[in-house]
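Asks: Here you go, one structure.
Bear in mind these aren't lab numbers, they're just calculated from the coordinates by the rules spelled out. The structure displayed is predicted, hence computed values, not measured ones. Backbone-built Cβ (ideal geometry, glycine too); neighbour counts: all protein chains shown.
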Amino acid sequence: MSNESLTLYREALKRLEGLLEKVKETDLPEPTAVTLATASPEGRPMARTVLLRGLDERGITFFTNLGSRKGRQLLDNPHAALAFYWPPLAEQVLVEGTVELVSDAEADAYWATRPRESQIGGWASRQSERLPSRFTLLRRVVSRAARFGVAPIPRPPFWSGFRIQPHRIEFWSSRPARLHDRRCYQIVDGEWETFLLYP
């Protein structure tokens with residue numbers, strides 16, 4: 001990949017970082033929330049909201065239970081799309097890319113920053129499996145809390161992070177008369193290009 005191509009990619013990431021900084025100054029309760037779309041092995045699309053936990057040249061990172069629906073789908077089909085939408089800014093960003101697991105060291109480092117209650121919850125939840133009752137979940141939380149006592153809580157082997165490596169990033173900015181601005185950055189023949197799209 002040429003230096004010019006990398007410059008375009010960095011330009012796109014810098015623009016996304018700038019929008020994230022702006023949205024953190026608004027009253028949105030979860031400024032890093034993003035819709036993650038995956039597909040089942042049969043090709044059926046599914047979407048849910050996750051929290052962005054990392055953004056650098058390697059990609060966009062979030063963490064989850066690997067046994068969840070999204071975790072299983074991403075392990076089976078390592079392609080995903082993200083949609084950020086921030087009404088206070090009248091801005092949207094769409095990202096498409098391939099997915100990889102983060103390293104154990106990265107997952108351990110992020111796990112260590114989580115509140116203890118969230119770590120216990122991470123051990124207690126069998127995410128996306130059927131739950132007989134709320135009481136069952138609370139009983140599992142109490143059991144895991146007792147198991148670890150006051151000792152440091154290790155990261156579960158079924159909990160890690162995914163990194164989406166973008167091959168397309170589109171910025172949408174609202175404009176009057178629905179003549180919105182759309183700028184796309186996309187890998188074409190191994191090189192990043194940028195171009196405008198009709199609204």
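Asks: Would you please state which residues of segment 106-140 a label at residue 147 would reach in this model, taking the label point 7 Å out along Cα→Cβ and a backbone N cut-off of under 12 Å?
Replies: 120-126, 140
Asks: Using Cα-Cα distances under 8 Å and only pairs 6 or more residues apart, what relative contact order does segment 111-190 have, in percent?
Replies: 22 percent
Asks: Among residues other than residue 12 whose Cβ falls under 12 Å from its Cβ, what is the net charge (Lys/Arg +1, Asp/Glu -1)?
Replies: So the environment of residue 12 carries a net charge of 0.
Asks: By its C-alpha gyration tensor, with a ≥ b ≥ c as the square roots of the eigenvalues, how is the chain shaped: rounded for a/c under 1.5, else prolate for a/b larger than b/c, else oblate?
Replies: prolate
Asks: Moving on to the next point. State the answer as a single residue: which of 135, 156, 38 lies farthest towards the positive end of the charge dipole of segment 1-158, with beta carbon charges of +1 for Lys and Arg and -1 for Asp and Glu, about the Cα centre.
Replies: 135
Asks: List the GluC sites (Glu not before Pro) within segment 17-123 that fall in a DSSP loop (any state other than H, G, I, E or B) and whose Cβ has at most 15 other Cβ atoms within 10 Å.
Replies: Those satisfying the criteria are 25, 42, 57.
Asks: Could you work out the relative contact order of segment 1-99, using alpha carbon pairs under 8 angstrom and six or more residues apart, expressed as a whole percent?
Replies: This gives 23 percent for segment 1-99.
Asks: To continue, here is another question. First select every other residue whose beta carbon is under 14 angstrom from the beta carbon of residue 192; then total the charges, Lys and Arg +1, Asp and Glu -1.
Replies: After counting each charged neighbour, the total is -3.
Asks: What is the magnitude of the charge dipole of the chain about its Cα centre, with +1 placed on the Cβ of each Lys and Arg, -1 on the Cβ of each Asp and Glu, and no other charges, expressed in debye to the nearest 20?
Replies: Roughly 1220 debye for the chain.
Asks: I need to check one value: relative contact order of the chain, counting alpha carbon pairs closer than 8 Å and at least 6 residues apart, in percent.
Replies: 23 percent
Asks: Taking the Cα atoms only, what angle lies between the long axis of helix 104-113 and the longest principal axis of the chain, rounded to 10 degrees?
Replies: With both axes taken from Cα atoms, the answer is about 70 degrees.
Asks: Which angle between 0 and 90 degrees, to the nearest 10, do you get for helix 134-148 versus the longest principal axis of the chain when only C-alpha atoms count?
Replies: So the inclination is approximately 80 degrees.
Asks: Please give the Cα centre distance for segment 119-198 versus segment 50-76, rounded to the nearest Å.
Replies: Using only Cα atoms to place each centre, the spacing works out to 5 Å.
Asks: A follow-up question, please. Taking +1 at the Cβ of each Lys and Arg and -1 at the Cβ of each Asp and Glu, which of 199, 83, 123 sits farthest along the dipole of the chain towards its positive end, judged by Cα position relative to the Cα centre?
Replies: The residue sitting farthest along the positive end of the dipole is 123.
Asks: Here is a follow-up. If the cut-off is 16 Å between C-alpha atoms, which aspartates and glutamates fall inside it for residue 70, apart from same-chain ones fewer than 8 positions away?
Replies: 42, 96, 100, 129
Asks: Note down the magnitude of the dipole of segment 6-100 about its Cα centre, charges +1 on Lys and Arg C-beta and -1 on Asp and Glu C-beta and zero elsewhere, to the nearest 20 debye.
Replies: 240 debye
Asks: Also, I was wondering about something else. Taking a ≥ b ≥ c as the square roots of the eigenvalues of the Cα gyration tensor of segment 1-82, is the shape rounded (a/c under 1.5), prolate (a/b larger than b/c) or oblate?
Replies: oblate
Asks: Still on this structure: With +1 on each Lys and Arg Cβ and -1 on each Asp and Glu Cβ, how big is the dipole of segment 43-97 about its Cα centre, in debye rounded to the nearest 20?
Replies: My answer is approximately 360 debye.
Asks: Hand me the trypsin sites (Lys or Arg not before Pro) from segment 116-199 located in a DSSP loop with no more than 13 other Cβ atoms within 10 Å, in residue order please.
Replies: Listed in order of number, the matching sites are 130.
Asks: Run the helix sum for the chain: -39,500 (n - 2.57) per DSSP H stretch of 4+ residues, divided by residue count, reported at 222 nm to the nearest 500 deg cm²/dmol.
Replies: When only DSSP H runs of four or more count, the value is -10000 deg cm²/dmol.
Asks: Tally Lys and Arg at +1 and Asp and Glu at -1 over the other residues with C-beta under 9 Å from the C-beta of residue 46: what net charge comes out?
Replies: Within the 9 Å Cβ shell, the charges total +4.
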